[in-house]
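Inspection log for the structure reproduced underneath, given as structure tokens.
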Amino acid sequence: MPRIGKDINCLSLKIRRAIGNLPAVSKLNNISGSNVFIIVYIYKNKDHDIYQRDIEKEFGMTRSTVSSILKLMEQKNLLTRENVDGDARLKKILLTEIAEEYAIDVIKALEDFEKKLSKNLTKEELSSFSDIMEKIENNLMEV
């Protein structure tokens, strides 16, 4: 019997641990993997406004989870939320200067990490992997 869920979970834990040990990532104390990926996402998309719903969609997280993460990131001085003219409920998410400087180093470290993950894999294998992951994700929609 396949153990797809267990295997993906174990691999995910190993990846998170490895990312957390990258010197560029561990430079900031008390930062989680979610924080890292959110910082990178906001930095890479700084040419347009980012809102909480964008982060929810990008990372497949619930509104309450993202709200909690953003609140903690604000407390850590990694981001700010600014009101938007015309809609008091909507808040634009911006990185602080500290987080922007951090993002530049982390993006390079994550690119190198991705190269290590895909080392010895052919383009066909990477394509198959992406297809399989998409199918598994679609299967989860039925659960």
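Can you run down the residue pairs with Cβ atoms below 7 Å, 6 or more apart or on separate chains, where the first is in the range 33-53 and on the phi < 0 side of the Ramachandran plot and without any contact (Cβ under 8 Å) to a residue 24 or more places away in the chain and the partner is in a helix (DSSP H, G or I) and surrounded by fewer than 18 Cβ atoms within 10 Å (Cβ to Cβ)?
From residues that are on the phi < 0 side of the Ramachandran plot and without any contact (Cβ under 8 Å) to a residue 24 or more places away in the chain, the pairs are 33/16; 33/20; 37/59; 41/58.
Return the residue satisfying two criteria in turn: it lies in the range 68-124 and is of a type in the set (D, E, K, R) and under 14 Å from residue 44 (Cα atoms), and of such residues it is surrounded by the fewest Cβ atoms within 10 Å (Cβ to Cβ).
If we take residues in the range 68-124 being of a type in the set (D, E, K, R) and under 14 Å from residue 44 (Cα atoms), then 111 is surrounded by the fewest Cβ atoms within 10 Å (Cβ to Cβ).
Tell me which residues, restricted to the range 47-66, are under 23 Å from residue 28 (Cβ atoms) and either surrounded by fewer than 14 Cβ atoms within 10 Å (Cβ to Cβ) or touching a strand residue (DSSP E or B) at 6+ places or on another chain (Cβ under 6 Å) (or both).
Scanning the range 47-66 gives a single hit, 50.
Give just the number: which of (1) part of a helix (DSSP H, G or I); (2) under 17 Å from residue 30 (Cβ atoms); (3) not acidic (Asp, Glu) does residue 109 not satisfy?
(2)
Here, each number is a calculation from the coordinates, and none is a lab measurement. Model, not experiment: these values are computed from the prediction. Using ideal geometry, Cβ is built from the backbone for each residue, glycine included, and neighbour counts are taken over all protein chains shown.
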